[in-house]
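K.L.:
My questions all concern the structure below.
Just so you know, all these numbers are worked out from the coordinates, no wet-lab data involved. Just so we're clear, the structure is a prediction, and the values are computed from it rather than from any experiment. In this analysis, Cβ positions are derived from the backbone assuming ideal geometry, glycine residues included, and neighbour counts consider all displayed protein chains.
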Amino acid sequence: SKSSPNSLAVGDFNKDGWTDIVVANNESSNIGIFLGYDYPTFDSQIIRIEQHNSYPTYVVVGDFNGDSQWDIAVTCFKKNSVSVVLGLGNGTFENEISNPLPTSSYPTAMVVGDFNNDNQSDIVVVNSRGKTISVLLGYGNGT
């Protein structure tokens, strides 16, 4: 099956002190999680993005629900959305939360920061088709 990895980010998703990797695989509409455990060895798992043919293009990590665990946000190019997958701190994740973007925006990249100084992780997305950016202010619950 095709995976076409095109973006990656790092974090410690299972809190074992080893760096883990998340990769966006656009053609297979999933993200791959590679849990590091003994350099350079990784265990892998695949998380399918629920939106079929979503074409994930970019991943970032942050704490999007305020639980001090690494979560993953992924742009879904063909679905005009950003999906957030909440980490449980043991290398597993809850079901994704989809955050819609404007119609025909086609998100291609994003960054995480606290853009309104409320101590919540926010996301700014680059929309290639609309030649705009979208600001998703975090509420501390994954949305």
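K.L.:
In whole Å, what three semi-axes, largest first, describe the equivalent ellipsoid of the range 77-143 built from its Cα gyration tensor (square root of 5 times each eigenvalue)?
P.N.:
Sorted largest first and rounded, they come to 22, 16, 9 Å.
K.L.:
Oh, and also: Please tell me the relative contact order of the chain in percent, rounded to the nearest whole number, where contacts are Cα pairs under 8 Å and at least six residues apart.
P.N.:
18 percent
K.L.:
Okay, moving on. Over all directions, what mean area does the Cα convex hull of the chain project, stated in square nanometres?
P.N.:
Mean projected area of the Cα convex hull: 8.1 nm².
K.L.:
Follow-up. Report, ordered by chain and residue number, the aspartates and glutamates lying within cross-link reach of Lys15, taken as a straight Cα distance under 18 Å and ignoring same-chain residues fewer than 8 apart.
P.N.:
Within the straight-line cut-off, Lys15 pairs with Asp38, Asp43, Asp63, Asp67, Asp71, Glu94.
K.L.:
Calculate, in nm to one decimal, what Asn141 and Asp118 gain on full extension: separation in residues at 0.36 nm each, minus their alpha carbon distance.
P.N.:
Result: 6.9 nm gained on full extension.
K.L.:
Skipping prolines and chain starts, which residues have an amide H placed within reach, meaning under 5 Å, of the one on Phe13, given they are 5 or more residues away or on another chain?
P.N.:
Asp20
K.L.:
Amide H neighbours of Asn30 under 5 Å, counting only residues 5+ apart in sequence or on other chains, H built in-plane at 1.01 Å?
P.N.:
So Asn30 has HN proximity to Asn25, Ile49.
K.L.:
Follow-up. Mind checking the dipole of the range 5-136: about its Cα centre, +1 per Lys or Arg Cβ, -1 per Asp or Glu Cβ, Debye to the nearest 20?
P.N.:
Dipole magnitude for the range 5-136 comes out near 740 debye.
K.L.:
Need one number: nm distance between label points at Tyr37 and Leu8, each 7 Å from Cα along Cα→Cβ, rounded to one decimal.
P.N.:
Distance between the two pseudo-spin positions: 1.9 nm.
K.L.:
Another question, if that's okay. Using Cα centres only, tell me the gap between the range 89-141 and the range 63-88 in whole Å.
P.N.:
For the range 89-141 versus the range 63-88, the Cα centre distance is 8 Å.
K.L.:
What does the extension gain come out to for Ser44 and Glu27, with contour length at 0.36 nm per residue minus their alpha carbon separation?
P.N.:
Length gained between Ser44 and Glu27: 4.3 nm.
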